[in-house]
Amino acid sequence: MIPFDIFADPLCPWCLIGKVELDRALESRPLHPFQIAWHPFRLNPQMPRGGMDRIEYLQAKLGPRAEEAARMVAQRAATLGLNLNPSAREPDTTDAHRLMHWAGLEGAQTRVMSGLLRAHWQEARDIGDPAELALIAGSAGMDSDLVSRLLSTDADRNEVAAREQHARNRGVTSVPTFIVANQHAISGAQSASLWQQVIDELTNAPS
């Protein structure tokens, strides 16, 4: 198996688009060699725990470019058949990344990330809300009661922050960022065809 590390934040629309493209490639290549692991990278590490109004946040961050950025995302999503209905809150995703950390211990990371992205971008749910995170965990096969109890503590907050800082130290500056075999970094939401090409080259390479 080949390590395939993904740095992502569920509030990033390009992570949603990138995951859909990747999923389609993996479904078309069921014998792919990738061992996938998801890693934390908060786009807004200084976000207040309660989050912010999404429109206010985007206007503060992007100013007059906010509308054009949203249009670009919607257009790319539409090509994939995705209808976007984002949350009205721009959340602090620290707890979402804590959940992803625990999901990694149970082999449930990809299911949880799918749930986080769907909740935030298509179901207008606040993934900064511990109750919503517990529901997402339960839907992914995790113990929602245990997740609720963990979220009520500060368990693994430092772990998430340390892993994120390690990523930044390695040169990760944006999401999604994909690292293949611990050495080849690819940034941005890539097409399914590109991933199919990568898989074909890896699986057809001489041993």
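The values are calculated or read from the model by the stated rules, or taken from the named source; none is laboratory data. Since the model is a prediction, treat every value here as computed from it, not as a measurement. Every residue, glycine as well, gets a Cβ built from its backbone with ideal geometry; the counts of neighbours run over all protein chains shown. Heads up: the accessible areas ignore ligands, DNA and RNA and are worked out on the full protein's heavy atoms, side chains in. Shrake-Rupley method; radii C 1.70, N 1.55, O 1.52, S 1.80 Å.
Working note: 222 nm ellipticity from helices only, DSSP H runs with n ≥ 4, each -39,500 (n - 2.57), summed and divided by the residues of the chain, gives -16000 deg cm²/dmol to the nearest 500. Positive contributions from Lys and Arg (+1) and negative ones from Asp and Glu (-1), summed over other residues with Cβ under 9 Å from the Cβ of ASP92, come out at 0.
In the list (1) 9; (2) 17; (3) 31, the label attached to percent of Cα pairs over 31 Å apart as derived from the coordinates here is (2). Using the average count of surrounding beta-carbon atoms within 10 Å as a protection proxy, the listed peptides 114-121, 147-154 rank, highest first, as 114-121, 147-154. Three principal axis extents of the stretch 124-207 based on alpha-carbon atoms, in descending order, are 49, 30, 30 Å. Taking the accessible area of the stretch 114-207, probe 1.4 Å, and keeping the other protein chains in place, the carbon and sulfur fraction comes to 46%.
Here the simple spin-label model places points 7 Å from the Cα toward Cβ, and for THR203 and SER139 these points are separated by 3.0 nm.
For the stretch 1-64, the set of trypsin sites (Lys or Arg not before Pro) satisfying both a DSSP loop assignment and a count of at most 12 other C-beta atoms within 10 Å is given as ARG49. Taking amide hydrogens as placed 1.01 Å from N in the peptide plane, the amide H of PHE34 sits under 5 Å from those of ILE2, each at least 5 positions away in sequence or on another chain. Which of VAL112, VAL73, VAL172 moves the most in a Gaussian network model of the chain with Cα springs under 10 Å? Among VAL112, VAL73, VAL172, the largest GNM mean-square fluctuation belongs to VAL73. Taking label points 7 Å from Cα along the Cα-to-Cβ direction, SER174 and GLN196 give a separation of 2.6 nm. Springs join every pair of Cα atoms under 10 Å in this Gaussian network model of the chain, and among PRO176, PRO40, PRO30 the largest mean-square fluctuation is at PRO30. Springs between alpha-carbon pairs under 10 angstrom, Gaussian network model over the chain: which of GLN165, GLN75, GLN109 fluctuates most? Maximum fluctuation in the GNM of the chain, among the listed residues, is at GLN75. For the pair GLU27 and ALA78, label points projected 7 Å from Cα toward Cβ lie 2.2 nm apart.
Looking only at the chain, where both bridge partners belong to it, what percent of the DSSP beta bridges are antiparallel (to the nearest 5)?
60
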